[in-house]
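Worksheet for the structure shown next.
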Amino acid sequence: MLLIHSVTIVTLDDKENGETVFQGYVKVKDGKFIEISTGKPAEKDVELAGNVIDGKGKWLMPGLMNTHGHLGSAFLRGAGDDMPLMTWLETVMWPNERNFTEEIVKNAASLAMAEMIKSGTTSFLDMYHLNMDTVANDTIESGLRAVLCRGMIGLAPEKEQDEKLEESVRLFKDFNGAGNNRISVALAPHAPYTCPPAFLEKVADRAVQHNIAIHTHVAETRKEVEQHIEKYHLSPVKHLQQLGIFSVPCLAAHCVHINEEDIEILAKEKVSVSHNPKSNLKLGSGIAPVPEMMNKGISVSLGTDSTASNNTLDMFEEMRFAALIHKGRLEDPEATTAEAVLKMAAGQGAKSLGISDTGIIRENYQADFILVDPRAVHLSPWNESRIISHLVYAAKSSDVTDVFVQGRQLLKDKELTTLDEEKIKFEANNFLKA
């Protein structure tokens, strides 16, 4: 049994009786919280615990959940900046990725996983089109929790479309539930502008057949939406609804250029949305109407997109951007709250990824959590009433000292325990020398 004491616990649990921020301790057994209590543990409990950690006043909170990314492109960080989405895809991403080997994808994914662990992320979604079985095995070894998707671009002959879809289903059959149920698999048609309607219908049929969730890019840029309406006389959201994509649980990335009717459809179909503020800003795509979506009951979580468009996987930065840009866009300081944004990065992430027992600190829930050291100057002064504010508006990813998934420690005193950081950085820098 793991026992962590002398911490301030941030549960983010609306159903918790009493305070949701308090000083106390947690017990973890078989990967789950078995006790969450105020005060100090009994001496007998300390003696019986196999692993006792003195939290030394750190903040214990749910691990962050990055609900949209592309790990295999991590080596393209800084390769192409300051250009619009399609120019960036056509001149930077796709030409480079044509030359990616399995080893490059493996090393790039390891770099992304290391960055996520060190910045407090315990769960992520990865949509990539190369060597996803290798990524799956490496994710299992890393100890992280993930939803993995073989990204599918449908602008190809029907035979190639079918091969991509079969590869995606095979990934589901081989890895869904692997790693002590830490790995889930979804189908991922890339986007309406890269997937013809007939292919999207095939994806929807296969998803229903095997009960597989779907993840896709939706309405990321104004131009793609205008072109879609011109071609099909429907918005991408309405078209996806008609094609059956929302017949299974669906997580849509971006949703920047959507109208009121689109929002109503997303709400009705219970589609979750991954908000990627930094990537959308950097590519000049725009700002998603997040408060409007949340007001309709849509589950909105946070994602970073890839390091090629962000250029980090830092969820603390993502939270801060998400908390601020909507206040400015709507000229309303109440458009977002620190608590709501923190929940977007945790509990709403769990909901979006279809994970029912993580994202909050609660007994019998998965012990996916992080420790944050509050002793930094930029987190002072603090008391329990200011912690949530500090986590969103002031904290840095470098304040994370320890990371646990299912009670297994992946980061200890800022040192990775399951990944070789020096080797990962060497391979990353060696890539640019090749």
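The values are calculated or read from the model by the stated rules, or taken from the named source; none is laboratory data. Here the structure is a predicted model, which is why all the values come from computation and not from measurement. All Cβ positions, glycine included, derive from the backbone under ideal geometry; neighbour counts span all protein chains shown. All accessible areas refer to the heavy atoms of the entire protein, side chains included, with ligands and DNA or RNA removed. Shrake-Rupley method; radii C 1.70, N 1.55, O 1.52, S 1.80 Å.
Scanning the chain for helices, which whole DSSP H stretches are 27 Å or more long along the axis (Cα) and average 1.0 or more by Kyte-Doolittle?
Flagged H segments: there are none.
With no solvent and one equal point scatterer placed on each C-alpha of the stretch 125-202, evaluate the Debye formula and give log10 I(q)/I(0) for q = 0.17 Å⁻¹, two decimals.
Each listed q maps to, in turn, -0.61.
Over the alpha-carbon set of the stretch 1-82, work out the extent along each principal axis and list the three values in angstrom, largest first.
Dimensions of the stretch 1-82 along the principal axes of its Cα atoms: 57, 29, 24 Å.
First measure r as the distance between the Cβ atoms of Glu167 and His233, then evaluate 1/(1 + (r/R0)^6) with R0 = 41 Å and state the FRET efficiency to the nearest 0.05.
Once rounded, the FRET efficiency stands at 0.80.
In whole percent, how big is the carbon plus sulfur part of the accessible area of the chain, probe 1.4 Å, protein atoms only?
C and S fraction of accessible area: 47 percent.
Students often get this wrong, so check it: of Lys268/Lys351; Lys282/Lys423; Lys106/Lys270; Lys40/Lys118, which have C-alpha atoms separated by over 26 Å?
The answer is Lys282/Lys423; Lys106/Lys270; Lys40/Lys118.
Normalised radius of gyration for the chain, please: alpha carbon Rg relative to 2.2 N^0.38 Å, two decimal places.
Rg over 2.2 N^0.38 Å, computed on Cα atoms: 0.96.
State to the nearest 20 debye the size of the charge dipole of the chain about its Cα centre, where the only charges are +1 on K and R beta carbons and -1 on D and E beta carbons.
320
For the stretch 190-254, restrict the atom set to alpha-carbon positions and state the Rg and Dmax in Å.
Taking only Cα atoms of the stretch 190-254, I get Rg and Dmax of 11.2, 34 Å.
Just going by the charge dipole of the stretch 119-206, with Lys and Arg at +1 and Asp and Glu at -1 on Cβ, which of Cys195, Ile153, Val185 is farthest out on the positive end?
Val185
Hey, what number do you get for the chain at 222 nm if only DSSP H runs of n ≥ 4 count, each worth -39500 (n - 2.57), divided across all residues, to the nearest 500?
Computed mean residue ellipticity for the chain: -11000 deg cm²/dmol.
Viscosity 0.890 mPa s, temperature 25 °C: what is the translational diffusion coefficient of the stretch 310-434 from Stokes-Einstein with a Kirkwood Rh over Cα pairs, rounded to a whole number of µm²/s?
In µm²/s, the coefficient is 147.
Can you give the direction-averaged projected area of the convex hull of the alpha-carbon atoms in the stretch 50-90, in nm²?
If you wrap the Cα atoms of the stretch 50-90 in a convex hull and average its projections, you get 6.3 nm².
Among Phe175, Ala345, Ile370, which residue has its Cα positioned farthest towards the positive end of the charge dipole of the chain, with +1 placed on the Cβ of Lys and Arg, -1 on the Cβ of Asp and Glu, and the dipole taken about the Cα centre?
Positive-end residue among those listed: Ile370.
Which trypsin sites (Lys or Arg not before Pro) from the stretch 1-76 combine a DSSP loop assignment with at most 14 other Cβ atoms within 10 Å?
Lys15, Lys56
Can you give me the orientation-averaged projected area of the convex hull built on the Cα atoms of the stretch 252-325, in nm²?
That works out to 4.4 nm².
What does the charge dipole of the stretch 245-290 about its Cα centre add up to, to the nearest 20 debye, if the Cβ of each Lys and Arg holds +1 and the Cβ of each Asp and Glu holds -1?
300
Quantify how much of the Cα-Cα distance distribution of the stretch 194-330 extends past 17 Å, in percent.
For the stretch 194-330, the fraction of Cα-Cα distances above 17 Å is 59 percent.
For the chain, with every protein chain kept in place, what is the accessible area per residue (1.4 Å probe, Å²)?
42
May I ask for the percentage of alpha-carbon pairs in the stretch 234-284 that lie more than 16 Å from each other?
38
Regarding the stretch 28-177, what are the three Cα extents along the principal axes, ordered largest first, in Å?
In descending order, the Cα extents are 67, 38, 24 Å.
Please give the length that would be gained between Asn429 and Thr417 if that part of the chain were fully extended, namely 0.36 nm times their separation in residues minus their C-alpha to C-alpha distance (nm, one decimal).
Between Asn429 and Thr417, full extension yields an extra 2.2 nm.
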